[in-house]
Amino acid sequence: LSLILDGVACRVSSGCAFRLGRGNDVTLLLQRGTDSVFESGPGFAGISLGDGTSLRIDQTKGGQREPDGTLTATGGAGGAGIGRDSGGSRDQTSRIRILGGVITASGTGGGAGIGAGKRGFMGPITITGGLITSAGEAGGGAGIGGALGAPVGDITIRGGTVTASAISHAAAIGAGVEGASGDITIAGS
């Protein structure tokens, strides 16, 4: 399934702003010149991946004079900005791949910016392009990777411009508090 985000805004005080379901292969294309925002309530990722779901994020081609499309995703307490909900299953087959766009992701209450939710496992994360800013805001979640008590698969960064941060003893890129991560590879520009 491929979806073009053309300036979508969804902010909810409870529940999930954007749920991708289970076992799906989803591509989100950010329309150049637009801003999309997803903010979820407590326990949910801003953009939520269920068990076995693969997410690919890029931007539309053409119109190179238009600025890059932007995406902002914020998880509610325990949820990742982009990734898994809090207390999700132990399944690590969900994966995230980012190829382009301007992306800002924040996890709170133990959730990663991009990756696992609090005690909700996450599979591999790959970044090959784009301008990415990702933060584990509080509670033990990594900027990119694992969350409080939740591991993440391999993390590969081979392009783009990436800024990651975390507080509460979590890694900026890698494991969250009481969690673990697979191999971390950073190469390219």
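What does DSSP give for the chain in terms of the percent of beta bridges that are antiparallel, rounded to the nearest 5? Don't skip to the end; give the middle numbers.
Values: 2 of 63 bridges.
Around 5 percent of the beta bridges assigned by DSSP in the chain are antiparallel ones.
Say each of residue 56 and residue 154 gets a label point 7 Å from the Cα, pointing the same way as Cα to Cβ; how far apart are those two points in nm?
In this crude label model, residue 56 to residue 154 measures out at 1.8 nm.
In whole Hz, what ³J(HN,Hα) sequence does segment 177-184 give by Karplus (6.51, -1.76, 1.60; θ = phi - 60°), x for Gly and Pro?
4, 6, x, 8, 9, x, 5, 10
Full extension from residue 186 to residue 9: what is 0.36 nm times the residue separation minus their Cα-Cα distance, to one decimal in nm? Intermediate values should be presented prior to the final figure.
Numbers: separation 177, 0.36 × 177 = 63.72 nm, distance 3.21 nm.
Gain in length upon complete extension: 60.5 nm.
Ordered by packing density, taken as the mean number of other Cβ atoms within 10 Å over each peptide's residues, highest first, how do 73-84, 16-27 rank? Intermediate results must be reported in sequence, preceding the final value.
On the way: 73-84: 33.0, 16-27: 16.7.
Most protected by this proxy first, the peptides run 73-84, 16-27.
For the chain, with all protein chains present and a 1.4 Å probe, just round the carbon and sulfur fraction of the accessible area to a whole percent. Don't skip to the end; give the middle numbers.
On the way: 3700 of 7540 Å².
Its accessible area is 49 percent carbon and sulfur atoms.
If you take Cα Rg over 2.2 N^0.38 Å from the coordinates, which of (1) 1.09; (2) 1.01; (3) 0.89 do you get?
For Cα Rg over 2.2 N^0.38 Å, the calculated option is (3).
Round to a whole angstrom and tell me the spacing of the C-alpha centers of segment 1-66 and segment 74-137.
12 Å
For segment 60-156, what does the convex hull of the Cα positions come to per residue, in cubic angstrom? Please report the intermediate quantities before stating the final value.
Numbers: hull volume 7.2 nm³, N = 97.
Hull volume normalised by residue count: 75 Å³.
Solvent-accessible area per residue for the chain at a 1.4 Å probe radius, Å²?
About 40 Å² of surface per residue is accessible.
So who's got an amide H within less than 5 Å of the one on residue 71, skipping anything under 5 residues away but keeping other chains? H placed 1.01 Å off N, in plane.
36, 102, 103, 104
Could you pull out which residues in segment 45-82 have an amide N less than 12 Å from a spot 7 Å beyond the Cα of residue 24, following the Cα-Cβ vector?
The answer is 47-51, 53-56, whose backbone nitrogens lie closer than 12 Å to the label point.
Nearest 0.05, what FRET efficiency do residue 178 and residue 2 give at R0 = 35 Å with Cβ-Cβ as r?
Details: r = 37 Å, r/R0 = 1.05.
My answer for the efficiency is 0.45.
With each pseudo-label sitting 7 Å past Cα toward Cβ, what's the residue 93-residue 35 distance in nm, one decimal?
3.8 nm
How large, in Å, is segment 18-96 by the Kirkwood hydrodynamic radius built from its alpha-carbon pairs? Intermediate results must be reported in sequence, preceding the final value.
Working: mean 1/r = 0.0768 Å⁻¹.
Roughly 13.0 Å, rounded to one decimal.
If packing is taken as the mean number of other Cβ atoms within 10 Å per residue, what is the order of 140-153, 167-180, 109-122, highest first? List each step's numbers first, then the result.
Numbers: 140-153: 31.1, 167-180: 20.9, 109-122: 33.7.
Order by mean packing, descending: 109-122, 140-153, 167-180.
Residue by residue through segment 154-164, which ³J(HN,Hα) values in whole Hz follow from phi under the Karplus form 6.51 cos²θ - 1.76 cosθ + 1.60 (θ = phi - 60°), with glycine and proline marked x?
5, 10, 10, 10, 10, x, x, 10, 10, 10, 10
Using modelled amide H (1.01 Å from N, peptide plane; none on Pro or chain starts), what sits under 5 Å from the amide H of residue 164, excluding residues fewer than 5 places away?
Close amide H contacts, sequence-distant or interchain: 134.
The values are calculated or read from the model by the stated rules, or taken from the named source; none is laboratory data. Everything numeric in this text was worked out from a predicted model, so none of it was measured. So basically every Cβ, Gly included, is an ideal-geometry build from the backbone, and we count neighbours across all protein chains shown. When the accessible area is computed, the model is the full protein with side chains, heavy atoms only, and any ligands, DNA or RNA have been set aside. Shrake-Rupley method; radii C 1.70, N 1.55, O 1.52, S 1.80 Å.
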